[in-house]
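**Student:** The structure under discussion is supplied below as structure tokens; questions concerning it will follow.
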Amino acid sequence: MVRRGIVTSRSVHLTTCQNGPSRRGVPSESESWLMLAAVLRNTGDTDLDVTDTIEVNDPGPDDVIVKITHTGVCHSDVSAMNGTIPQPVPAVLGHEGAGVIEAVGDNVTEVSVGDHVIVVWSPPCGACQFCVGHKSPNLCTTVQFGSMMIPHFREGGSDVNAMAGAGTFAERTLLPKQAVVKIDDDIPLDIASLIGCGVMTGAGAALNTAKVAPGSSVIVYGAGGVGVAAIQGARIAGAAEIVAVDLNDAKLDDAKRFGATHAVTPDDVEGISAEITGGDGFDYALECIGNPITMRAAFDAVRRGGTACIVGVGRPEEMVQFSAFELFFMEKTLVGSYYGGTDVRSDFHKLLRLYKYGKLDLEGMITRRITIDEINPALEAVRRGEVIRQVIEF
Ligand code: NAD
Ligand code: ZN
């Protein structure tokens, strides 16, 4: 159900309604749109407020407005609600999205109105030491932190923030131009939205961060959206054995559809490790849950010299302990993975090509398609670990 209202207002970038604006830049006068959005009012709330009282702010010269057509629900949205991930409120949540460019600022030449794009929640500026010197554009904070300081939305006279500078649980959002990657028009936008967070994060953790080698053994903790993408990344990399670990039996069956050769509950990890590795441990472990206990378990599950890659996000105050002796003796690599170590400009397209040729199953990752009105039951399903990905269609 879409509830839209027209208000007369100070300035407006949207000159047409159903078909989107017809010109670039910010027209001086017209009408503005109230739109549907899901807002976190207070940290700790268990429900988002689905409201039609939010407006998107006008784009600056280097900004774009994206009409969000699809947005996935990620565990990080739940984590922003419960305070695991710090998020100033009020905020429109959502960070895994795709849609169509609806307006562009005067300096924007990289994309045009009508282009199909994936939203990037951690956009590289392309010029800083992380982007250029360290060749780690996923770690560039210049644009993202700058964008997070600027309210993307308003409600009456008050500012409303956007989660991670993205805020995709809204019919449209304001983004810096670096926060969109243009894709071909024939790529389904529901599929594309998944690339924006969970798929890039999980597949990238296996391919870019852990650099899973052909013929290796891999164990993946957590078979949600990120874990299933990590399983697929390990399969694409040519891992021989891929073990999925999840508390939820249905998830174990799911994991096998995406390339897990074995799937077990946490109690059976030791047994499967004995069977596959003779008890030495796996070459790689990917933790895709965000729990200090499973982070430690992932470290324990790898062999001497193996790699434990932490993808899940825990609370800042939670700790994981290591013996001061084992770090030297086991010579394991412990590595975090932020946004799958991605360079979004090239990696999004690589993943879409893998999808195109049937090597990356994205369609199968969509457990259900929902409307924004169904966001709260959807968040509850994420908390219960019942789903791979739910995609909101606007
Ligand atoms: P999800 O909720 O869809 O999946 C988590 C899975 O873990 C569920 O299937 C659940 O049943 C299972 N699980 C929970 N506790 C478990 C336990 N103790 N033992 C075994 N299985 C358990 O979550 P998601 O959307 O796939 O995200 C996974 C994690 O990745 C979250 O912490 C999220 O915040 C994080 N994340 C990190 C990045 C990054 O850049 N590193 C990006 C996106 C998401
Ligand atoms: Zn996410």
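The values are calculated or read from the model by the stated rules, or taken from the named source; none is laboratory data. In this text the structure is predicted, and so the values were computed from the model without any measurement. Backbone-built Cβ (ideal geometry, glycine too); neighbour counts: all protein chains shown. The accessibility values were calculated without ligands, DNA or RNA, using every heavy atom of the protein model including side chains. Shrake-Rupley method; radii C 1.70, N 1.55, O 1.52, S 1.80 Å.
**Student:** Enumerate the pairs (first residue in segment 361-386 and aromatic (Phe, Trp, Tyr); second residue anywhere and within 15 Å of ligand 1 (Cβ to nearest atom) and in a strand (DSSP E or B)) with beta-carbon separation below 6 Å, excluding pairs fewer than 6 apart on the same chain, so at least 6 apart or on different chains.
**Tutor:** none
Residue-wise test of (1) under 23 Å from the mean Cα position of the chain (by Cα); (2) open to solvent by 20 Å² or more (accessible area, probe 1.4 Å).
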| site | (1), (2) |
| --- | --- |
| LYS251 | yes, no |
| ASP254 | yes, yes |
| THR277 | no, yes |
| PHE282 | no, no |
| LEU286 | yes, no |
| MET295 | yes, yes |
| ASP300 | no, yes |
| ARG303 | no, yes |
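**Student:** Search segment 206-236 for residues being more than 14 Å from ligand 1 (Cβ to nearest atom) and of a type in the set (Ser, Thr, Tyr), and hand back the single one that is nearest to ARG368 (Cα to Cα).
**Tutor:** Only one residue tops the list, namely SER217.
**Student:** Taking the stated definitions as given, is THR69 part of a loop (DSSP other than H, G, I, E, B), hydroxyl-bearing (Ser, Thr, Tyr) and more than 10 Å from ligand 2 (Cβ to nearest atom)?
**Tutor:** So THR69 does not fit the description; no.
**Student:** Hey, any hits in segment 233-241 for a residue that's farther than 20 Å from VAL382 by Cα and open to solvent by less than 10 Å² (accessible area, probe 1.4 Å)?
**Tutor:** yes
**Student:** Let me ask another. Can you name the residue in segment 348-363 that is loosely packed, with under 14 Cβ neighbours inside 10 Å and of a type outside the set (D, E, K, R) and is also farthest from ALA234 (Cα to Cα) among such residues?
**Tutor:** My answer is TYR357.
**Student:** Output the residue which, of all residues in segment 44-70 that are surrounded by 15 or more Cβ atoms within 10 Å (Cβ to Cβ) and hydroxyl-bearing (Ser, Thr, Tyr), is farthest from the chain's Cα centre (by Cα).
**Tutor:** THR53
**Student:** Conditions first: (1) within 16 Å of ligand 2 (Cβ to nearest atom); (2) part of a loop (DSSP other than H, G, I, E, B); (3) among the aliphatic types (A, V, I, L, M). ALA127 passes all but one, so which condition is the exception?
**Tutor:** It fails just one condition, (1).
**Student:** Quick one: in segment 182-209, which of the residues that are outside any helix (DSSP H, G or I) and in contact with an Asp or Glu (Cβ under 9 Å, 6 or more places away or on another chain) is surrounded by the most Cβ atoms within 10 Å (Cβ to Cβ)?
**Tutor:** ILE183
**Student:** When you check ILE118 against the structure, is it open to solvent by 10 Å² or more (accessible area, probe 1.4 Å), of a type in the set (A, V, I, L, M), closer than 22 Å to VAL391 by Cβ and within 16 Å of ligand 1 (Cβ to nearest atom), yes or no?
**Tutor:** no
**Student:** Right, ILE219: away from ligand 2 (no atom under 16 Å from the Cβ), modelled with pLDDT of 95 or more and either part of a helix (DSSP H, G or I) or open to solvent by less than 10 Å² (accessible area, probe 1.4 Å) (or both) or not?
**Tutor:** So ILE219 fits the description; yes.
**Student:** Still on this model: Name, by its number, the condition in (1) more than 16 Å from ligand 2 (Cβ to nearest atom); (2) among the aliphatic types (A, V, I, L, M); (3) surrounded by 24 or more Cβ atoms within 10 Å (Cβ to Cβ); (4) farther than 24 Å from VAL66 by Cα that does not hold for LEU174.
**Tutor:** Here LEU174 meets the rest and fails (4).
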